[in-house]
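**Student:** Have a look at the structure that comes next, please.
The values are calculated or read from the model by the stated rules, or taken from the named source; none is laboratory data. All figures in this text were calculated on a predicted structure; none of them were measured in a lab. Here Cβ is always computed from backbone atoms with ideal geometry, including for glycine, and neighbour counts include all displayed protein chains. Just the protein is used for accessible areas: all its heavy atoms, side chains included, with ligands, DNA and RNA removed. Shrake-Rupley method; radii C 1.70, N 1.55, O 1.52, S 1.80 Å.
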Amino acid sequence: MAKPTLYGADYSVYVRIARMALEEKGVGYELVPLDIFAAEGIPAWYLELHPFGRIPALEHDGFRLFETGAITRYVDEAFDGPALQPADARARARMSQIAGMLDAYGYRAMVWDVAVERLEKMPPDEALIAGGLAQAETMLKVLTSLKAEGPWLLGEQLTLADLHAAPIVAYFLKVAEGRDLLARFVQIRDWYARIADRASFARTEKVA
Ligand SMILES: N[C@@H](CCC(=O)N[C@@H](CS)C(=O)NCC(=O)O)C(=O)O
């Protein structure tokens, strides 16, 4: 089968989720660099692939796709390799719930309101950071309550839920407040140590 092409930047949390899925499946792919925040703006050709101007987008044998959740499910279903989605209806629903929850309530709070605000804004908006940390605390509480017994979020099987969560948590941990908060959620802290130890995580780390 032809190699898929993924468009995006190595700094992006969502691009990393898609790349981790490709890596875990053992799928060779080409990463075409696309800096979504480039001063010169988003190239017109990319808006053909993603009319909303976000990254990533995938192209495979003439098939074009955007939205990370759709991309990771496609990668799991279209290629050989270990299954990254549970067969059981309830576990599969839980997987979608965790990914949806991270998209809706985790990403902005943990990545932008806390990590990017602390690292890149001078001076940072402390109220925004405090609000982001409060939401992150709820996220970590809920992840703890939803986590099944076993090494991964859904138990014994590594799934798209783990791959969706890891890059968001990794970004959050760039700042001390993120590290201090995670330390209080032992099960998620230990889960993170496991996922961060995988080759798919190391191979998608941004090179400085
Ligand atoms: N719903 C999109 C979200 C992707 C997304 O927000 N990507 C970020 C980079 S991590 C982006 O493109 N941001 C550009 C912007 O906010 O203008 C998906 O699931 O792929």
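**Student:** Looking at the structure I just gave you, is Ala57 within 12 Å of the ligand (Cβ to nearest atom), touching a Leu at 6+ places or on another chain (Cβ under 6 Å), among the small types (Gly, Ala, Ser) and not assigned by TED's automatic domain parsing to the domain that holds Ile168?
**Tutor:** Criteria met by Ala57.
**Student:** For the subset of the range 49-64 comprising residues that are open to solvent by 70 Å² or more (accessible area, probe 1.4 Å) and either in contact (Cβ under 8 Å) with a residue 60 or more places away in the chain or not in a loop (DSSP other than H, G, I, E, B) (or both), which member is farthest from Gly100 (Cα to Cα)?
**Tutor:** Checked the range 49-64; the qualifying residue farthest from Gly100 (Cα to Cα) is Asp61.
**Student:** Then there is this: On the given criteria, is Phe79 open to solvent by 40 Å² or more (accessible area, probe 1.4 Å) and among the aromatic types (Phe, Trp, Tyr)?
**Tutor:** Judged against the criteria, Phe79 is not a match.
**Student:** Take residues that are at pLDDT 95 or above, of a type in the set (S, T, N, Q) and under 20 Å from Leu31 (Cα atoms) and tell me which of the helices (runs of 4 or more DSSP H) falling wholly in the range 65-123 contain 2 or more.
**Tutor:** Fully inside the range 65-123 and qualifying: 68-78.
**Student:** Moving on. Filter the range 108-148 for residues that are buried (at least 19 other Cβ atoms within 10 Å of the Cβ) and among the basic types (Lys, Arg); which is nearest to Arg94 (Cα to Cα)?
**Tutor:** Lys147
**Student:** Show the residue pairs that are 6+ apart or on different chains and have beta-carbon atoms under 8 Å apart, the first residue being within the range 138-165 and at positive phi, the second being open to solvent by 10 Å² or more (accessible area, probe 1.4 Å) and aliphatic (A, V, I, L, M).
**Tutor:** From residues that are at positive phi, the pairs are Gly155/Ala91; Gly155/Ala148.
**Student:** With Val186, Val169 as the choices, which residue is in contact (Cβ under 8 Å) with a residue 40 or more places away in the chain, among the β-branched types (Val, Ile, Thr) and on the phi < 0 side of the Ramachandran plot?
**Tutor:** Unique residue meeting the criteria: Val169.
**Student:** Quickly run through the range 12-30 and pick out the residues that are open to solvent by 30 Å² or more (accessible area, probe 1.4 Å), more than 9 Å from the ligand (Cβ to nearest atom) and in contact with a helix residue (DSSP H, G or I) (Cβ under 7 Å, 6 or more places away or on another chain).
**Tutor:** Glu23, Tyr29
**Student:** Step by step: first the residues of the range 31-43, then only those that are more than 8 Å from the ligand (Cβ to nearest atom) and β-branched (Val, Ile, Thr), then the one that is surrounded by the most Cβ atoms within 10 Å (Cβ to Cβ). Which residue is that?
**Tutor:** Ile42
**Student:** Right, something else. With respect to Tyr46, is the statement that it is surrounded by 16 or more Cβ atoms within 10 Å (Cβ to Cβ) and within 13 Å of the ligand (Cβ to nearest atom) true?
**Tutor:** Yes, satisfied.
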